[in-house]
Amino acid sequence: MALTREQIAKRVAMELEDGYYVNLGIGIPTLVANYVPEGIEVMLQSENGLLGMGPYPHAGSVDADMINAGKETVTAATGAAIFNSAESFAMIRGGHVDLTVLGAFEVDQNGNIASWMIPNKLVKGMGGAMDLVAGAKNIICTMTHANKHGESKLLSECSLPLTGVACINKVITDLALLEIKDGAFHLLECAPGVSVDEIKAKTAGNLVINDKVKTMTFE
């Protein structure tokens, strides 16, 4: 079965390392804040000016002034810092973010990403994505493997306007975990109940499958 949004976020959280500064994009990436593994400390950054973002608040403890980049209410972790967006983007552009997690419309086998517009549709703007994919040391993309018409979103070449070039390191979809290197998607893990054949059928880009493909776990 395909992974839920929460399961994708849990798998992303397993990529976190102690001491990381991490930026979480809008959508599935914001859920990662709820699944940071015990025993490690990471500082989650939101580009609107919060370093040290905590989990979503419980009802009754919501502070309407404490929001993430997606305008959702969040909490602040111990040691958090709040600053203006200029300082936030100086942190991003200066290469001080260890890991960025963001969504995408398309990713291709060369690590290019298209995430900000679909022609002839309402465009809200690039947002912080262009800076994040250019400035972060490591970038993971979360997305569905195929669109609602069943067409692959993991391509040989992106067809939509690009957000960044040769910048994506890993993709975690509702079907698989893949690493991008040497001009190909390298299959590392399959979601539970998902076959390699299904992933092959739904990957339009060059796909490399070795004999060590694992079944994804969440612990």
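Within the range 43-59, the set of residues being under 17 Å from the mean Cα position of the chain (by Cα) and aliphatic (A, V, I, L, M) comprises MET43, LEU44, MET53.
Taken across the range 26-42, residues that are modelled with pLDDT under 90, under 17 Å from the mean Cα position of the chain (by Cα) and open to solvent by 60 Å² or more (accessible area, probe 1.4 Å) do occur, with at least one present. Looking at the range 45-68, which of the residues that are part of a strand (DSSP E or B) and out of contact with any helix residue (DSSP H, G or I) (no Cβ under 9 Å at 6 or more places or on another chain) is nearest to GLY95 (Cα to Cα)? Among residues in the range 45-68 that are part of a strand (DSSP E or B) and out of contact with any helix residue (DSSP H, G or I) (no Cβ under 9 Å at 6 or more places or on another chain), the one nearest to GLY95 (Cα to Cα) is GLY52.
Tally the residues that are open to solvent by less than 60 Å² (accessible area, probe 1.4 Å) and either closer than 14 Å to PHE83 by Cβ or of a type in the set (S, T, N, Q) (or both), restricting the search to the range 49-65. Full working, then the answer.
Step one: filter the range 49-65 for residues open to solvent by less than 60 Å² (accessible area, probe 1.4 Å), giving 49-54, 57.
Within this subset, residues satisfying the condition of being either closer than 14 Å to PHE83 by Cβ or of a type in the set (S, T, N, Q) (or both) are 49-53.
So the answer is 5.
Candidates are the residues of the range 20-44 that are in a loop (DSSP other than H, G, I, E, B) and in contact (Cβ under 8 Å) with a residue 60 or more places away in the chain; the one that is farthest from GLY103 (Cα to Cα) is TYR20. Of the set (1) farther than 19 Å from ILE28 by Cα; (2) open to solvent by less than 30 Å² (accessible area, probe 1.4 Å), all apply to ILE113 but (1). You will find that of THR142, THR78, THR100, the residue that is open to solvent by 70 Å² or more (accessible area, probe 1.4 Å), hydroxyl-bearing (Ser, Thr, Tyr) and outside any loop (DSSP other than H, G, I, E, B) is THR78 and no other. Only one of the numbered conditions (1) at negative phi; (2) surrounded by fewer than 21 Cβ atoms within 10 Å (Cβ to Cβ); (3) assigned to a loop (DSSP other than H, G, I, E, B) is violated by LYS200, and that is (3).
Within the range 146-182, how many residues turn out to be open to solvent by less than 60 Å² (accessible area, probe 1.4 Å), closer than 26 Å to MET14 by Cα and among the small types (Gly, Ala, Ser)? It would help to see each step written out before you state the result.
Of all residues in the range 146-182, those open to solvent by less than 60 Å² (accessible area, probe 1.4 Å) come to 146-147, 150, 152-155, 158, 160-161, 163-164, 167-180.
Right, trim to closer than 26 Å to MET14 by Cα and you get 146-147, 152-155, 163-164, 167-180.
Then drop every residue that is not among the small types (Gly, Ala, Ser), which leaves 146, 152, 164, 176.
Adding up the residues that qualify gives 4.
The values are calculated or read from the model by the stated rules, or taken from the named source; none is laboratory data. Note that the structure is a prediction, hence the values are computed from the model and not measured. Cβ sites come from the backbone with ideal geometry, for glycine too, and all protein chains shown count toward neighbours. These area figures cover heavy atoms from the full protein model, side chains too; ligands, DNA and RNA do not enter into them. Shrake-Rupley method; radii C 1.70, N 1.55, O 1.52, S 1.80 Å.
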